[in-house]
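Data first, discussion second: the structure below is written as structure tokens.
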Amino acid sequence: MKVKPEFVYVKETIPIEVEEGSILNISTKEVTSFTHGFHKYPAKFIPHLPKWAISKYLNGFENKTILEPFCGSGTTLVEGILAGHNVIGFDVDPLSVLISKVKITRIDVPTLDIICDWLIKNIKRKRNGNFKPACENLKHWFTEDAIRKLSLIRGLIDQIQVRFGSEKEIKDIVDLLIICFSSIIRRVSNADNESQKTYVSHTKLKMPEEVNNLFFQQLVLFFDRIRLFTDIVNPNLHSKVVCTSSNVFLLDKLEGHNIDLVITSPPYIKSIDYIYNQMAELFWVGDLFDMQTQDKQNGKKREYIGNKHLSKVEFKHYTPINTPFGIESLDKKLQIVFNSDKKNGHKHSYITYKYFLEMEKHFKEMSKCLTVGTPYIVIIGDSKVSGTYFDTANIVIEIARRNGFKLINKWGYKIKNRYMRFDRKGRGGIIEIDWVLELEKQIEMSLID
Ligand SMILES: C[S@@+](CC[C@H](N)C(=O)[O-])C[C@H]1O[C@@H](n2cnc3c(N)ncnc32)[C@H](O)[C@@H]1O
């Protein structure tokens, strides 16, 4: 029997204390304010969540330091800096790192104004650009008109540092314009706007938006939003986004900063192929990260936690019995997947095992970085793998526990905005609810091993 959860209805602001086990139904209107709406990103969370965590755990303080180890498009970082705190973000995805960096970097507004004027004038004046993406079948993804106009805009952005100088202020403006440019790519492409994977539908025909008008429209939005952000954010705050995996040695990347709060939503098991999602954008900006071709993009996929791109050799010797994870309920489920799914059970069981192994590495590393008492807020959903339900949140609690964290509270909220979070029903499984785990670093690392 399926029991529907009872929801606690909340409008815009999440109460500081949420009763353990309750599930909120949060109605939200404003999710794209300030720089939040700069770029789409899969599995973005609503700003209300980091805002709540900051009010609860850093209430009354300023100038504390917040870490977001799977920062994605930087929602936590934006909220952190708006609330007057220093922020550090990590992500393995280079485009996400650039999006996040742009969203939290103050800009020299008068210079941006001059550069935008120059850019608009040249887009209107010139016909052809000199930027050529390395993608072979570009005409499958874009119309000829779109290719010509995108080539011109990207080529002009590339000239900015030559014309205006290579100081940090100019480089920050170039990064902002690259993200503004990237933000229009999917909409001007032939690929479906909303689907998680980048593909051209032959049944649902799409009329791509016109490049120049959309770019100008975005430019105005970026200009207004970054000006407001620059006006209100304290210039003395420290912010940094590092392109790194979050399950390797991290202490050196914090450069001596003491972390006061961690807020994050790690990837889900076997769910989102971040690179596949960004393929169209990467054809046009991927050269900046050496990810401009599909071959190069595929080579990078293995670094993402939860990815399903494995070679058979990697799991040839894996069986749940010979390689137990050491959490009884998890090991039982890995065995069920292994046995029950005749076609993919071996692979899927291994992908799931590996997911938790990497999450464990992450907690081990985080444990070395945090002092006792530091809150660590994790937002995560459960998943279905080969028809078996994995209560990911509870397993993560267990993993965190054995790496020196204790659980303070667990509650959930209903996922509603399909644009912000992709619907995985029928693919990755159940994610109607995301769980919020309020963890706290409890034991010194030296006492764990
Ligand atoms: C659920 S998304 C985070 C979304 C973010 N909360 C936001 O609002 O945009 C998870 C992120 O984890 C990143 N990720 C996956 N594997 C990683 C790894 N090994 N190290 C660091 N980040 C990783 C993905 O690139 C993705 O950006």
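What follows is calculated from the coordinates using simple rules that are stated; it is not laboratory data. Not measured: the values here are computed from a predicted model. Here Cβ is always computed from backbone atoms with ideal geometry, including for glycine, and neighbour counts include all displayed protein chains.
Shape summary: the range 281-373 maps onto an equivalent ellipsoid whose semi-axes, from the alpha-carbon gyration tensor, are 29, 23, 9 Å in decreasing order.
log10 I(q)/I(0), Debye, Cα-only the range 1-118, no solvent, q = 0.11, 0.22 Å⁻¹? Treating every Cα as an identical point scatterer, log10 I(q)/I(0) equals -0.46, -1.28. If R0 is 35 Å, what FRET efficiency do you get for Lys301 and Phe61 from their C-beta distance, rounded to 0.05? Once the sixth-power term is evaluated, E becomes 0.30.
Using the Cβ-Cβ distance between Lys332 and Asp252 with R0 set to 41 Å, the FRET efficiency from 1/(1 + (r/R0)^6) comes to roughly 0.60. Are there trypsin sites (Lys or Arg not before Pro) in the range 317-394 that DSSP marks as loop and that have at most 10 other Cβ atoms within 10 Å, and which are they? The qualifying sites are Lys342, Lys343. With a cut-off of at most 16 other beta carbons within 10 Å, and DSSP calling the residue loop, which trypsin sites (Lys or Arg not before Pro) in the range 173-271 qualify? Please list them. For trypsin sites (Lys or Arg not before Pro) across the range 173-271 that sit outside H, G, I, E and B with at most 16 neighbouring Cβ atoms in 10 Å, the list reads Lys197, Lys204, Lys206. For the range 50-153, chymotrypsin sites (Phe, Trp or Tyr not before Pro) meeting the loop criterion (DSSP other than H, G, I, E, B) and having at most 14 other Cβ atoms within 10 Å: Phe61. Shown in residue order for the range 15-25 are the 3J(HN,Hα) couplings computed by the Karplus curve 6.51 cos²θ - 1.76 cosθ + 1.60 at θ = phi - 60°: x, 4, 9, 10, 5, 4, x, 7, 10, 8, 10 Hz (x for Gly and Pro). With the helix formula -39500 (n - 2.57) applied to DSSP H stretches of n ≥ 4, the chain reaches a computed 222 nm mean residue ellipticity of -12500 deg cm²/dmol.
Cross-link pairs exceeding 31 Å in C-alpha to C-alpha distance, out of Lys40/Lys149; Lys44/Lys342; Lys270/Lys416; Lys11/Lys332; Lys368/Lys416, comprise Lys44/Lys342; Lys11/Lys332; Lys368/Lys416. Each Lys and Arg contributes +1 and each Asp and Glu -1, all at the Cβ; summed about the Cα centre of the chain, the dipole is approximately 1560 debye.
Between amide H atoms placed 1.01 Å from N, distances below 5 Å from Val241 occur with Gly89, all of them 5 or more places distant or on a separate chain.
Where nothing but the Cβ of Lys and Arg (+1) and of Asp and Glu (-1) is charged, how large is the charge dipole of the range 196-251 around its Cα centre, in debye to the nearest 20?
240
When each of Val31, Val385 is scored by the number of other beta-carbon atoms lying within 10 Å, the sequence from fewest to most is Val31, Val385. What is the log10 of I(q)/I(0) for the chain, computed with the Debye formula using one identical point scatterer on each Cα and no solvent, at q = 0.06, 0.07 Å⁻¹? So the normalised log intensities are -0.27, -0.36.
When both bridge partners sit in the chain, DSSP labels roughly 50% of those beta bridges antiparallel.
Translational diffusion of the range 109-232, estimated by Stokes-Einstein from the Kirkwood radius over alpha carbon pairs at 37 °C in a medium of 0.692 mPa s, is 212 µm² per second. Helices meeting the span-like rule in the chain (full DSSP H runs, Cα extent of at least 27 Å along the helix axis, mean Kyte-Doolittle score of 0.5 or higher): 168-188, 211-232.
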